[in-house]
Amino acid sequence: MPTKRAEAVWNGNLKSGNGTMKVGSGSYEGAYSFATRFEDKSGSNPEELIGAAHAGCFSMALSNELDKAGFTPNSVQTNAEVTINPGAGAITTIKLTSKGNVPNIDNDKFQEIAEAAKKGCPVSKALSGVTIELDATLEN
């Protein structure tokens, strides 16, 4: 089974410190700080990376579920909004907004498959303690 790696370094205290995160493949490395995480300053943060991972995983899962059901998608595009409550120290909600361009499928079937993909996506499973919302739109 594949094992993926990432690393992070943090320097200093929480409020005035800073750090870097990078993925094992070398395809991403970025700086982060308290301000980029909790004050919407420019730069990366762990929640943004979780959102990217979830959006990518869901797009692949939905494409796979559609294909298994006999519908070949032209494309699936997903955005993720990750909400963190700093006071609680917890990610509270992830909203996935997905658009699928899928020929020869009706909206009811698309919605059914999208919900199954949300439940079956490995990142959704890993984040099962978080409320995951889905807004899936069929575009033909």
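Just so it is clear, none of the values below were taken in a lab; they were calculated from the coordinates. Computed from a predicted structure; not experimentally measured. Please note: Cβ atoms are built from the backbone with ideal geometry, for glycine as well, and neighbour counts cover all protein chains shown.
Dividing the Cα radius of gyration by the Kirkwood radius, what Rg/Rh value follows for the stretch 46-139?
Here Rg/Rh amounts to 1.01.
Among Thr78, Thr20, Thr97, whose mean-square fluctuation peaks in a Gaussian network model of the chain (Cα, cutoff 10 Å)?
Greatest mean-square fluctuation among the candidates belongs to Thr20.
If we count every other residue with Cβ under 12 angstrom of Gly51's Cβ, Lys/Arg +1 and Asp/Glu -1, where does the sum land?
In short, -2.
Given labels modelled 7 Å from the Cα in the Cβ direction, how far is it in nm from Asn79 to Asn13?
Roughly 3.7 nm, to one decimal.
Could you work out the local net charge near Asn107, counting Lys and Arg as +1, Asp and Glu as -1, over the other residues with Cβ closer than 15 Å to its Cβ?
-4
One-quarter of the Cα convex hull surface for the stretch 43-88, in nm²?
The directionally averaged projection comes out at 4.2 nm².
Looking only at Asn64, Asn11, Asn79, which one moves most when the chain is put into a Gaussian network model with springs between Cα atoms under 10 Å?
For the chain, modelled as a Gaussian network with Cα springs under 10 Å, the answer is Asn11.
Over the chain, calculate the relative contact order: mean separation of alpha carbon pairs under 8 Å at least 6 apart, over the residue count, as a percent.
18
Could you identify which residue out of Ala52, Ala88, Ala69 has the top mean-square fluctuation in a GNM of the chain using Cα springs shorter than 10 Å?
Fluctuation is largest for Ala88.
For the chain, build the charge dipole from Cβ charges (+1 Lys, Arg; -1 Asp, Glu) around the Cα centre, then report which of Ala61, Ile84, Thr97 sits farthest towards its positive end.
The residue sitting farthest along the positive end of the dipole is Ile84.
Where does helix 46-68 land angle-wise versus the long Cα axis of the chain, in degrees 0 to 90, nearest 10?
20
Taking amide hydrogens as modeled 1.01 Å from N in the peptide plane, which residues meet the under 5 Å criterion relative to Tyr32, leaving out close sequence neighbours?
Under 5 Å from the amide H of Tyr32 lie the amide H atoms of Gly19, Thr20, Met21, each far enough along the sequence or on another chain.
Taking the Cα centroid of the stretch 1-24 and of the stretch 57-110, what is the distance between the two, rounded to the nearest whole Å?
27
Taking the Cα atoms only, what angle lies between the long axis of helix 107-120 and the longest principal axis of the chain, rounded to 10 degrees?
So the inclination is approximately 40 degrees.
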